[in-house]
Amino acid sequence: MTNKKYDAIIIGAGIIGNCISYELSQKGYKCLSVDKLGGSGFGSTSGSCAIIRFHYSTREGITLSREGYHYWLNWPRYLKTIDPTGMACYKNTGDLVLKTEINKGLKSVMPIFEELGISYLDLDNEGMRPYMPNSNFKSYFPQKDLDDPDFGKPTQGEINGGVFFTETGYVSDPKLSTHNVEVAARAFGADFMFNTEVTEVLQENGRTAGIKLAGGDIINAPIVINVSGPHSYLINQMAGVEDKMNIKTKALRVEVAHVPSPEGVDYENFGVMISDGNTGIYSRPEVGNHWLIGSEEPECDTLEYVDPDNYELNLTDQAKKQAMRLGMRFSDIPIPSRLKGIVDLYDVSDDWYPIYDKSDLPGFYMAIGTSGNQYKNAPVVGAFMSELIDYCEKGNDHDKKPLQYQMPYIKKSFDIGFFSRNRIINKDSSFSVVG
Ligand SMILES: Cc1cc2nc3c(=O)[nH]c(=O)nc-3n(C[C@H](O)[C@H](O)[C@H](O)COP(=O)(O)OP(=O)(O)OC[C@H]3O[C@@H](n4cnc5c(N)ncnc54)[C@H](O)[C@@H]3O)c2cc1C
């Protein structure tokens, strides 16, 4: 048990929680991160595909990811320290986004890419050929479920080109990147407690007073931040703030399939990431010359919302379906009968955009609802959440006069009120992992 005094307790030592700890510590707040698992990034961050890309459906989504990109390029200097266990590394692959009915050919967002200096090639099917050799460009839309007799059969016509982004890629080891941030936060005085479960959020005189742990110990602090990933709604319930929020969060079970590259193809080093909304999947190169295949939640697939402490940990037909959808496009992909992959949880909000906000309980903050697409933004979120907390603790009312955050890399001002817990549902969202 600790006798130390803390200014802020962060519930959750995932990539976002740790970035908040790192930034708040640099502002002089004495921080304690508490996580029920055994180390940093052991929660949903460990299952992340850690893709760094820009194609969101809204100006805000694109802007945030553009700012975040620069942190990954500048990783060791951002952290100001070297983790002796190794440093995570951003690998640039490029990203081909197929034009679909769902993203409306990216027409409405292309001017935003240009405004933000995001370079891209607008390609027809022939132009896409070098990025997708040995593939077909048939349309499979609308997508079908595995038990549909028409699953895997092309429908009508072809896809109509795509957009290739050069400056996109992925981080090789999301868990290690989170440990990197822990080491950096510790260098600024932050503490971490693992294998420690929070069971209550304490209140005194109308504001947050600290936390109670399983086992009964109490740690006091005037600020508590909920960064508990797929458990976020449970922590909000403990603080008694959930029913006062317009946007809610819940845990979604997802599967990611890993398949080997076809014989003789060095996909790990030369492959590009592909967002194929026509078949309903995204893919990227994976260490070991594999393809990693996630879902873009096509309408025909049932979304599986679960109890984050009690869900199926083994792969099901969902992963097989995703691999087969890749196989529709690339017929030479070998799909093993015993598929490998991962099962993990997204913390999904009602409109698939995160909640980065204060709450109705003074001193209680949240960075939640990351909806399978916020790993890339974690360093920016750490930076503006620390400003938001400082702003509110100095007496400002973020609900009435939202923090305007100045993005240091892209020199834009960002209205953090966009991520309010009390916003109306953002209808421009894709309502999928694309955001
Ligand atoms: C399969 C998958 C693929 C993804 N792919 C991408 C991608 O390609 N690109 C991208 O940008 N994003 C992606 N994401 C999303 C991204 O990984 C998450 O948004 C991000 O990792 C969330 O980090 P976090 O710190 O908020 O949460 P987490 O990493 O989930 O951390 C929350 C922590 O809180 C702890 N906790 C919970 N309850 C308690 C309690 N009561 N007491 C103590 N501790 C508690 C947990 O143990 C956990 O460690 C993906 C996510 C998944 C699951």
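The values are calculated or read from the model by the stated rules, or taken from the named source; none is laboratory data. On a predicted model such as this, the values are computed, not experimentally measured, just so you know. So basically every Cβ, Gly included, is an ideal-geometry build from the backbone, and we count neighbours across all protein chains shown. Keep in mind that these areas ignore ligands, DNA and RNA; they rest on the heavy atoms of the full protein, side chains included. Shrake-Rupley method; radii C 1.70, N 1.55, O 1.52, S 1.80 Å.
Return yes or no: is K4 in a loop (DSSP other than H, G, I, E, B), of a type in the set (D, E, K, R), in contact (Cβ under 8 Å) with a residue 40 or more places away in the chain and within 12 Å of the ligand (Cβ to nearest atom)? No. Can you find, within segment 267-318, the residue that is farthest from V254 (Cα to Cα) among those that are within 15 Å of the ligand (Cβ to nearest atom) and among the hydroxyl-bearing types (S, T, Y)? In this case the residue turns out to be S275.
Among the residues of segment 160-174, what is the count of those that are more than 16 Å from the ligand (Cβ to nearest atom), among the hydrophobic types (A, V, I, L, M, F, W, C) and either more than 16 Å from L123 (Cβ to Cβ) or open to solvent by less than 10 Å² (accessible area, probe 1.4 Å) (or both)?
The total comes to 1.
The selection criterion, being open to solvent by less than 10 Å² (accessible area, probe 1.4 Å), over 13 Å from the mean Cα position of the chain (by Cα) and at pLDDT 95 or above, does not hold for L64. The residue list G47, G12 contains one member that is surrounded by fewer than 23 Cβ atoms within 10 Å (Cβ to Cβ), touching an Asp or Glu at 6+ places or on another chain (Cβ under 7 Å) and farther than 19 Å from T166 by Cα, which is G47. Of the candidates N396, N426, N422, N377, the single residue that is out of contact with any strand residue (DSSP E or B) (no Cβ under 9 Å at 6 or more places or on another chain) and farther than 30 Å from L292 by Cα is N396. For segment 303-345, the set of residues classified as of a type in the set (S, T, N, Q) and at pLDDT 95 or above consists of N310, N314, T316, Q318, Q322, listed by residue number. The residues of segment 175-197 that are open to solvent by less than 10 Å² (accessible area, probe 1.4 Å) and within 14 Å of the ligand (Cβ to nearest atom), listed by number, are S177, T178, N180, V181, A185.
Kindly establish whether S420 is out of contact with any helix residue (DSSP H, G or I) (no Cβ under 9 Å at 6 or more places or on another chain), in contact (Cβ under 8 Å) with a residue 40 or more places away in the chain and within 11 Å of the ligand (Cβ to nearest atom).
no
Of the residues making up segment 324-370, those that are in contact with a Gly (Cβ under 8 Å, 6 or more places away or on another chain) and buried (at least 24 other Cβ atoms within 10 Å of the Cβ) are R325, Y346, D347, V348, S349, W352, Y353, P354, I355, A367, I368, T370. L73 passes every criterion in (1) touching a residue at least 24 places away in the same chain (Cβ under 8 Å); (2) within 16 Å of the ligand (Cβ to nearest atom); (3) within 30 Å of S228 (Cβ to Cβ) apart from (1).
Selection of segment 146-167 for residues being touching a Phe, Trp or Tyr at 6+ places or on another chain (Cβ under 7 Å) and not in a strand (DSSP E or B) yields P154, T155, I159, E167. When the criteria are applied in full, G28 fails the requirement of being within 12 Å of the ligand (Cβ to nearest atom), small (G, A, S) and open to solvent by 10 Å² or more (accessible area, probe 1.4 Å). Scanning segment 379-407 for residues that are farther than 22 Å from P222 by Cβ, surrounded by fewer than 18 Cβ atoms within 10 Å (Cβ to Cβ) and in contact (Cβ under 8 Å) with a residue 12 or more places away in the chain yields a single hit, Q404.
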